[in-house]
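The values are calculated or read from the model by the stated rules, or taken from the named source; none is laboratory data. Just so we're clear, the structure is a prediction, and the values are computed from it rather than from any experiment. Neighbour counts are summed over all protein chains in view; Cβ atoms, including those assigned to glycine, are modelled from backbone coordinates with ideal geometry.
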Amino acid sequence: MASPITFVVWAESLETMNYYDILRVAFDASPAEIQKAFHDLSLNTHPDRFVEEPVEVGEAAASVFKRLVEAYGVLRRPPLRTRYDAELRKSTGAAEPAAGSRFDEHAVVAKKTFEQRTLHMIARNPKAKQYAAKADLFLSNGQLEEARIQIISAYQHDPGNEELKERLDILYEALALEPP
Amino acid sequence: MGHAIGIDLGTTNTVVAAVVDGVAITLEDEHGRRLLPSVVSFHPSGTVLVGDSARERRLIDPESTIFSVKPLIGRAFDSDEVKAARGRFPFQFTEGAKNSTMVLARDVAYALPEISAFVLRRAKAIAEHALGGPVDRAVITVPANFNDLQRASTKIAGKLAGLEVLRILNEPTAAALAYGQSIAQAEKIAVYDLGGGTFDITLLDLTGNVFEVLATAGDTALGGDDLDRLLADHMSIEVIKRFNYDPRSSPVAFARLRFMAEEVKKRLSTQLEVEQDISGIGYTEGGMPITMRMTITREELDRIALPLIERTVAVARQSIEIIGMKPKEFDRVILVGGSTRMPLAARLVEKLFEQAPHLKVNPDEVVALGAAIQAHALNRSKGGAKRKAPSAHDQLAKTQGSAPPGAGPQPNPHAVNVPPNAPVPAGMQQINTPQYFELSKAAAVITFSPPPPAPDPWSVPAVLPAPARRAPPPLPQPQSAPALGAASRSSARPIEGTPVRAELGQPPSSGPKPARRSLNAPPNEAPDLDFGSAPRISLEPPGTGLGAIVAGGDFFPSSPDQPGNANQPVAEAAFARGSAIETADRAPLLIDVTPLSLRVETVGGYSDVLIAANSPVPCEKARTFLTASDNQTVVFIRVAQGESSRFAENTRLGELELSGLKPTTRGQVKILVTFELDADGILSVRAKDKDTNRETTAAMRVMGASTDKAEVDAMVARQARHEVA
């Protein structure tokens, strides 16, 4: 009978590993090698493999499996893997990625607040508010490009408004454009 | 511990299977029928009819006969899906608590999980009869494209029916599991599943011991039912031309026409044209009843069906592109679901994949067989001392107050009198979980015939004393002549080279078949009092000749008269038509995926992906949220599922409330929120205040589904009022 401690320790050890280490594959592993590694590790960690064990064991194993899924989800998709590799190199400055932890390919901006103020509220003077209100309208219609132009105009009339700038950055990332 | 079964809870038909002595086999009812129509009819006596007897009542009691609502489970009343459905059915929909969808039958509103629960109760009774013992655990399948709420609602239906749901399994994955029992080497396969109400395409990589789902996609509002409706429209136009009367003006008449259209469609799978007598749909201007004979050709049906099938092919093509493969790279294409019997569907699938589909699985039964295999694999549990971590829905149930907004038990004129201290059937104990259920004693009206013996000392009552109750009124027995089938006649123009598919697994017959001797007791047999005996099914592995073929990787004997064990004629027939599969010694590990991306709302009505579609489950993603204003103590996070970057275009799951935060300047409070999808694809959420490291309350306000305790209690009470037959 497996002990839950084994998996708890395993899961903890994964916290400081990069995705290649988590899946125990080489940096230049082929897609087939990555899949094989994921399958082999899954056989030892998927909660369905522990239906005969106490529930705690399955749950502890699942905590490892979920990290495998996270790593596999990035490494199996070539475009994401390329981006991940670049980020790893950036963080270590080495030719080969070393330590690296989580990679959230969907997090546009880490800093995000969830009680949204409208751009109109953020703008600090009447002229800027006028453009900001238009931008709000475009955003609610999903017209990102039009909204971008209006926010730039608002920012020109309200220079130094950090919150406005932040919103503009978010929009650039949504549009996948680099800010000038 | 009772048996664990697999249930394919379909839009049109439900199929039950179990693994007995290493063989997964479809279970038959007392009349030898393997397909249980997923139709629920509220009989005036208070009994709820399920199956063929209910299906016949679609014609005579359309307003109290509920069918084809499965794709709507877990959908909000104001959702597009429900809006579109409202005018299409002869029965009425009504809005329940929290924008949930309910149906009205005999002036009582029922939530959709309750309707499914009636079907599941009948399925459970069939299994208990066939297996000769109690059944208390099940794997229930759902369309792969079902969202979180639809899965959670299906799970509730299972609990209402007295079943512990071991897993909510995707239908195509179940089919792949059943198919994969006999393959020798690794294969990449595509499962094309076109059922009565839903369509799924699932791409899998089957290696020896791991079956990995690579991608899945689909449409929960596209299936054979839509085709029936379109064909009925087509037939209506003929009626208008001849009689200047539109049968669509009366829901009852249109329901009859739809029923006839379904029969016509099925027969056109094997015939090139069908003549259908039409009657009972209204009167001519002179007051005479309309009767006419109509000829419908397969060509006409194909023309009507083409746009639907092309939509499915487009979805399939897209999901293949997403994983960077080409259609012809798949080793096999498996067709699942009754609608794939349409030659047009098979033809277009063949064109897409540049190969003939694999025809050696029974498209009606393979999903249930796969579910049974998974149930068997997951049922080795020692009973689970501890329950799983509560899901978002459970958490909600706990945090909700007890005040039910009008959800209290309503007086029911059809209620069956039950003594207050009547015992509770063994299976029903399972729904008495701490999260939701406080089972009313009245549930004792749910008895099965024969009463399930309880050979396991852990099960509760050994023998169920028959509760004193009003004698049930006589029920309509299945007619030997189908109500409409008798009126219709085919001009059988034989087709050369009839596809193998037409022979594998007969289409559901409306009349009973002779009871099979060795699989089922005769229908009128007295309750079996032989407790603790072996299951009534005795299925030995097929004889050596057949066994050798199975081992050789050939799923079905090419000819039905293989040399087999002469003592097992039924078992052999079951193998031959795809109702039985020999299972591998050790079930492979199934790694399934979530069909839809999980999203949170962001700036300007947009959304961010938290967990991407096709991510393996179970999985989780953590994200940090900050407060946006000073002294803010509550943060709301809106959660949805879908593939649109516009938040509103996705299916809203609910709103997450993080409360009890430390009042301070904005941005100072960081909350780490972890979103977890379990192996059923159901979401749960937990949150931690990063500064204090203390768990914060994260209650999910669920939209469009009744999941809190008071509502579920009301559902339990309503289930208890009806006997299922």
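Details
- Yes/no for residue A:131 being at pLDDT 85 or above, more than 13 Å from every other protein chain (Cβ to nearest Cβ) and farther than 22 Å from residue A:21 by Cα: yes
- Screening segment B:1-45 for strands (runs of 3 or more DSSP E) wholly inside it with 3 or more residues that are crowded, with 24+ Cβ neighbours inside 10 Å and of a type in the set (S, T, N, Q) returns no ranges.
- Test for residue B:636: is it surrounded by fewer than 16 Cβ atoms within 10 Å (Cβ to Cβ) and in contact with a Phe, Trp or Tyr (Cβ under 8 Å, 6 or more places away or on another chain): yes
- Residue count for segment B:628-645 satisfying the condition of being within 7 Å of another protein chain (Cβ to nearest Cβ) and either of a type in the set (Val, Ile, Thr) or touching a residue at least 60 places away in the same chain (Cβ under 8 Å) (or both): 2.
- For segment A:72-87, the tally of residues that are of a type in the set (A, V, I, L, M, F, W, C) and either more than 15 Å from residue A:25 (Cβ to Cβ) or touching a Ser or Thr at 6+ places or on another chain (Cβ under 7 Å) (or both) stands at 2.
- Strands (runs of 3 or more DSSP E) (entirely within segment B:89-147) containing at least 2 residues that are charged (D, E, K, R) and within 19 Å of the chain's Cα centre (by Cα): B:135-142
- Hey, residue B:580 at pLDDT below 85, within 23 Å of the chain's Cα centre (by Cα) and surrounded by 18 or more Cβ atoms within 10 Å (Cβ to Cβ) or not: no
- Residues of segment B:118-135 classified as surrounded by fewer than 24 Cβ atoms within 10 Å (Cβ to Cβ) and out of contact with any Asp or Glu (no Cβ under 9 Å at 6 or more places or on another chain), total: 1
- Filtered residue count, segment B:156-198, keeping only those that are at pLDDT below 95 and basic (Lys, Arg): 1
- Among the residues of segment B:46-55, those that are outside any loop (DSSP other than H, G, I, E, B) and of a type outside the set (Gly, Ala, Ser) comprise B:48, B:49, B:50, B:52, B:55.
- Count - residues of segment B:646-655 that are in contact with a helix residue (DSSP H, G or I) (Cβ under 8 Å, 6 or more places away or on another chain) and without any contact (Cβ under 8 Å) to a residue 60 or more places away in the chain: 3
- Any chance residue B:77 is assigned to a loop (DSSP other than H, G, I, E, B), surrounded by fewer than 21 Cβ atoms within 10 Å (Cβ to Cβ) and of a type in the set (Phe, Trp, Tyr): yes
- Out of B:621, B:670, one residue alone is closer than 29 Å to residue B:214 by Cα and touching a residue at least 40 places away in the same chain (Cβ under 8 Å). It is B:621.
- Any chance residue A:37 is out of contact with any Ser or Thr (no Cβ under 7 Å at 6 or more places or on another chain), in a loop (DSSP other than H, G, I, E, B) and crowded, with 16+ Cβ neighbours inside 10 Å: no
- Counting the residues of segment A:15-34 that are in a helix (DSSP H, G or I) and over 23 Å from residue B:209 (Cβ atoms) gives 3.
- Scan of segment B:275-291 for residues that are among the aliphatic types (A, V, I, L, M) and assigned to a strand (DSSP E or B), ordered by number: B:278, B:281, B:290
- From the list A:111, A:90, A:66, the one residue that fits, being within 9 Å of chain B (Cβ to nearest Cβ) and at pLDDT below 80, is A:111.
- Residue within segment B:363-386 that is part of a loop (DSSP other than H, G, I, E, B), modelled with pLDDT of 50 or more, in contact with a helix residue (DSSP H, G or I) (Cβ under 8 Å, 6 or more places away or on another chain) and not β-branched (Val, Ile, Thr) present: yes
- Failed criterion for residue A:142 (all others in (1) touching a helix residue (DSSP H, G or I) at 6+ places or on another chain (Cβ under 6 Å); (2) at pLDDT below 80 hold): (1)
- Close Cβ contacts (under 9 Å, 6 or more residues apart or on different chains) running from residues in segment B:596-617 that are under 11 Å from residue B:650 (Cβ atoms) and at the interface with another protein chain (Cβ under 7 Å from one of its Cβ atoms) to residues that are of a type in the set (Gly, Ala, Ser) and crowded, with 21+ Cβ neighbours inside 10 Å comprise B:609/B:597.
- Of the residues making up segment B:248-256, none is closer than 18 Å to residue B:88 by Cα, at pLDDT below 90 and in a strand (DSSP E or B).
- Residue B:623 within 28 Å of residue A:61 (Cα to Cα), charged (D, E, K, R), in the same structural domain as residue B:677 (by TED's automatic domain parsing) and surrounded by fewer than 22 Cβ atoms within 10 Å (Cβ to Cβ): yes
- Top-ranked residue of segment B:210-258 - restricted to ones that are among the β-branched types (Val, Ile, Thr) and in contact (Cβ under 8 Å) with a residue 24 or more places away in the chain, ranked as surrounded by the fewest Cβ atoms within 10 Å (Cβ to Cβ): B:252
- Test: residue B:345 is within 14 Å of another protein chain (Cβ to nearest Cβ), assigned to a helix (DSSP H, G or I) and over 19 Å from the mean Cα position of the chain (by Cα): no
- Residue within segment B:204-218 that is away from chain A (no Cβ under 14 Å) and of a type in the set (Gly, Ala, Ser) present: yes
- Given (1) surrounded by fewer than 20 Cβ atoms within 10 Å (Cβ to Cβ); (2) under 21 Å from residue B:667 (Cα atoms), number of the condition residue B:607 does not satisfy: (1)
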